[in-house]
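Just below is one structure, and these are the notes that go with it.
No value in this document is a laboratory result; all are computed from the given coordinates. Remember, it's a predicted structure, so these values are computed and weren't measured experimentally. Ideal geometry is used to build each Cβ from the backbone, glycine not excepted, and the neighbour counts take in all protein chains shown.
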Amino acid sequence: KWAFASDGNATDVGNSTDGRSFASGHSSTTYGYVAGGQITSPTFTNIIDRFAYASDGNATDWADISEARARAVGISSATYSYSCGGWNPAQHWDIIDKFPFASQTNATDIGNLSNGPQRNGAGVSSTTHGYLCGLWGGGTIYNIIQKFSTTSDGNSSDIADLTLARYGSSGSQY
């Protein structure tokens with residue numbers, strides 16, 4: 001972790017439940033979440049780790065996303081988190097998984113991405129919608145911006161275009 005209030009290096013304050021890469025990141029006002037990811041090739045996980053902001057310590061196994069996958073896009077609302085798309089060697093996904101911050105409940109598939117299976121995009125969160133930008137899927141690098149509601153379940157829709165096709169970017173939230 002590192003402080004927003006002053007410049008300085010990050011410090012190691014805890015560990016995840018397992019070493020993994022290409023997981024999706026999510027945040028509530030009090031906890032951080034890490035969903036899915038690749039442990040080693042060819043091992044992928046569906047575990048959602050949770051860690052507290054208020055105290056240092058290791059993450060705990062909080063719940064599961066619906067499929068073991070990596071390179072999904074993480075998006076957060078005030079009450080839910082979303083893990084969108086993803087990949088493992090057996091399959092590419094177009095799912096939008098949703099899990100609540102308030103209870104230790106597994107994620108459920110509540111919708112699909114507009115352009116089929118995709119991964120490696122940037123996730124951007126507003127107070128009412130999630131946005132996915134610049135994804136990779138099926139050998140294509142997309143310039144699309146997809147949007148889905150975080151107040152009701154459903155599919156994403158293609159609403160606009162980036163200036164260039166790209167993937168592997170990072171996002172932010174409101």
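Side notes on the structure shown:
- Close amide H contacts of N155 (hydrogens built in the peptide plane, cut-off under 5 Å, sequence separation of 5 or more or a different chain): N112.
- Karplus (6.51, -1.76, 1.60) ³J(HN,Hα), θ = phi - 60°, over the stretch 69-86, in Hz, Gly and Pro reported as x: 7, 10, 6, 7, 9, x, 9, 10, 10, 5, 10, 9, 10, 10, 10, 10, x, x
- Most mobile of G32, G74, G85 in a GNM of the chain (Cα contacts under 10 Å): G32
- Order by protection proxy (mean Cβ within 10 Å, highest first), peptides 59-66, 93-100: 93-100, 59-66
- For the peptides 161-169, 76-84, residues were scored by their other Cβ atoms within 10 Å and the scores averaged per peptide; the highest-first order is 76-84, 161-169.
- Contact order relative to length of the chain, as percent, for alpha carbon pairs under 8 angstrom and 6 or more apart: 15 percent
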